Every structure is written in structure tokens, then in C-alpha cells.
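A.B. asks: One structure follows; several queries about it will come next.
FYI, it's all coordinate maths here, none of it is from the lab. Bear in mind the structure is a predicted one, so any value in this text is a computation, not a measurement. Using ideal geometry, Cβ is built from the backbone for each residue, glycine included, and neighbour counts are taken over all protein chains shown.
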Amino acid sequence: MRRPGRGGSSRAAALALVSNGTAASIPPAQAAPLRLALMLDATATPDIPGPAHAADRRVTVMHLRDELAADRDAVHELHRLAFGDHGETVVALVRALRDDDPEALSLVAEEEDEVVGHVLFTRSLLDAPRRLVAVQVLSPLAVRPDRQRRGVGGALIRHGLRRLDERGVPTVFLEGDPGYYARFGFAAAGDLGFRRPSLRIPAPAFQAARLSGYEPWMTGTLVYSATFWQQDCVGLREEHSG
Ligand SMILES: CC(C)(COP(=O)(O)OP(=O)(O)OC[C@H]1O[C@@H](n2cnc3c(N)ncnc32)[C@H](O)[C@@H]1OP(=O)(O)O)[C@@H](O)C(=O)NCCC(=O)NCCS
């Protein structure tokens with residue numbers, strides 16, 4: 001869906017941001033109300049005035065919003081493109097997680113009316129000494145290959161963490177590359193007092209971000225929702241032939 005009314009003011013904001021940095025550097029207070037992030041597309045047709053070295057660049061507007069039912073096909077196609085051979089497995093996981101958790105936080109990044117990124121946060125449990133605690137798991141995250149390395153993934157993660165923080169979620173877990181996720185506040189969960197749900201998750205890949213709802217007694221084992229097990233999407237499996 002086009003949002004023609006936003007063009008003028010977005011352009012003005014974009015020009016200001018070009019000199020300041022990319023979407024990842026927008027302070028939350030500015031980014032949250034509009035849910036806009038502004039991106040430079042170095043490969044696209046020029047349409048902004050500016051210095052000669054920027055003349056081959058076009059500013060595009062990235063809009064972060066909740067996934068709608070009408071986005072589902074585009075979201076699935078995005079995961080097929082981003083995950084390649086594992087694409088169908090991820091699509092099946094996304095479908096099952098949506099069904100499993102009506103409160104799932106499913107966010108899309110949209111540029112020029114196209115879905116270019118998606119992240120899903122769903123509920124799981126932390127088996128803490130005091131009681132079971134509702135926590136969230138970030139999985140999956142994908143950005144369309146032709147739109148990667150431009151801050152889309154980071155914007156989705158930061159926005160998702162803000163939304164979950166507002167809901168009072170204490171901790172968000174994920175399996176992923178610490179080299180990527182550390183910049184968003186994730187750290188090795190084992191060092192924070194958490195135990196991984198499977199030994200097939202490499203210890204450094206098991207990560208957690210503690211939000212403002214976290215309290216020091218909230219330690220223990222992450223218990224994935226049944227969907228992750230039913231879809232066999234926990235940790236790494238040995239390669240085997242035949
Ligand atoms: C991982 C992914 C979501 C990142 O999205 P993105 O929009 O390209 O990420 P950003 O633009 O916010 O960040 C880009 C930075 O992250 C780094 N990065 C991207 N993927 C990384 C990874 N797997 N490990 C370490 N760093 C990574 C890039 O090197 C880049 O850093 P640089 O700018 O310093 O060079 C995207 O590459 C993707 O969809 N990959 C395929 C699916 C996938 O692996 N998803 C994550 C597992 S669920």
C-alpha cells in the first residue's frame with residue numbers, strides 16, 4: 001500500500017539524516033513515533049540534490065510496522081530468498097509459530113511498498129527457581145538479499161526490543177552469530193545465568209538480551225515452545241548422508 005502523504009516530510013528528514021548516519025543511529029525517541037528509518041540505496045536512480053559524490057544515490061524510506069495477513073505470502077517469499085536451501089523449513093516454522101502464539105510480535109520492514117525484512121518474536125518459558133517466567137524468542141529474522149547490509153535487520157531488532165520492553169517482557173533469547181547480535185544488547189546467555197534448551201546449540205550462539213522487566217532471580221533453563229521442537233528447529237544437527 002502506498003503512503004503518498006509522507007513523501008515531502010520524509011524527504012526533508014532524510015536529507016538531514018544522510019549527513020548524520022544510517023537508520024541504526026536514529027535515537028529511539030525520534031524513530032518510535034513515526035516508525036520510519038531512512039536508507040541510502042547506492043544502486044538506485046538519483047533523485048535528490050546534493051554533492052557530486054552523492055549524486056548517484058537515492059534516499060528510500062523504510063517503514064517498520066506489524067505484519068498484516070496480506071503480507072504473509074511476501075514474508076514467506078522473503079524467507080525463501082534469504083535462507084536458500086533452508087527456506088521452506090523457515091517458512092514452515094513461521095507458519096507454525098504464528099498459529100501457536102496469537103500474541104506473537106511479527107514485524108515487517110517495508111520499502112517502496114515491498115516487504116524487505118521480517119522478524120518474529122514468540123513466547124517461550126524460562127524455568128526459573130522461583131517459577132516459570134514468560135520470555136520471548138527472536139526467530140526467525142531475514143532481510144531480502146538485495147537489501148542486506150543497509151540497517152534493515154538492525155532496525156527490526158531494535159524496534160522489536162523496544163516493543164517487547166513496553167510489554168514488560170524480561171528477556172529475549174535467540175540462537176545466532178554473536179558477531180551480529182552483540183551490537184543490539186545480546187550477550188552469551190550462559191554468562192547471564194541461563195541454560196540452553198539443547199546441547200546442540202553452540203554455547204556462544206545461545207544469546208539473551210535482558211530488558212527492563214528483568215529481575216536478578218530470573219535465571220534457569222530456557223524451555224522452547226513446543227513448535228520449535230515439532231518443526232525440528234532447535235540447534236544444529238549433524239550432517240549425514242543417506
Ligand atoms: C542476518 C541478516 C538478517 C542481517 O540483516 P541486515 O539488514 O543485512 O543487517 P544490518 O544491515 O542491520 O547489519 C549489517 C551488518 O551486520 C553484519 N552481519 C550480517 N550478517 C551477519 C552474520 N551472520 N554474522 C555477523 N555479522 C553479520 C554485516 O557484516 C554488517 O556489518 P557491517 O555493516 O559492519 O559490515 C541478513 O543478512 C539475512 O537475512 N541473512 C539471511 C538469514 C539469516 O541468516 N538470518 C539470521 C538467522 S535467524
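A.B. asks: Tell me which trypsin sites (Lys or Arg not before Pro) from segment 174-222 have a DSSP coil assignment and no more than 15 other beta carbons within 10 Å of their own. Mind dumping the intermediate values first?
C.D. replies: Details: sites: Arg183, Arg195, Arg200, Arg210; in loops: Arg200.
Within segment 174-222, the qualifying trypsin sites (Lys or Arg not before Pro) (loop, at most 15 other Cβ atoms within 10 Å) are Arg200.
A.B. asks: Kindly give Rg over Rh for segment 65-230, based on alpha-carbon atoms, with the Kirkwood expression for the hydrodynamic radius.
C.D. replies: Ratio of gyration radius to Kirkwood radius: 0.95.
A.B. asks: Right, next: Label point 7 Å out from Ala69 along Cα-to-Cβ: which residues of segment 79-106 have amide N under 14 Å?
C.D. replies: Only 99 fall inside the zone, counting backbone N under 14 Å.
A.B. asks: Follow-up. Quick one: Karplus J couplings for segment 95-106, per residue in order, coefficients 6.51, -1.76, 1.60, θ = phi - 60°, nearest Hz, x for Gly and Pro?
C.D. replies: Along segment 95-106, the couplings run 4, 5, 5, 4, 5, 6, 10, x, 8, 3, 9, 10 Hz.
A.B. asks: Are there trypsin sites (Lys or Arg not before Pro) in segment 74-133 that DSSP puts in a loop and that have at most 15 other Cβ atoms within 10 Å, and which ones?
C.D. replies: On the way: sites: Arg80, Arg95, Arg98, Arg123, Arg130, Arg131; in loops: Arg130, Arg131.
Qualifying residues, ordered by number: Arg130, Arg131.
A.B. asks: Quick query: amide H of Thr171 versus all other amide H atoms, modeled in the peptide plane; which residues come in under 5 Å with a sequence gap of 5 or more or a different chain?
C.D. replies: Result for Thr171 returns Gln136, Leu211.
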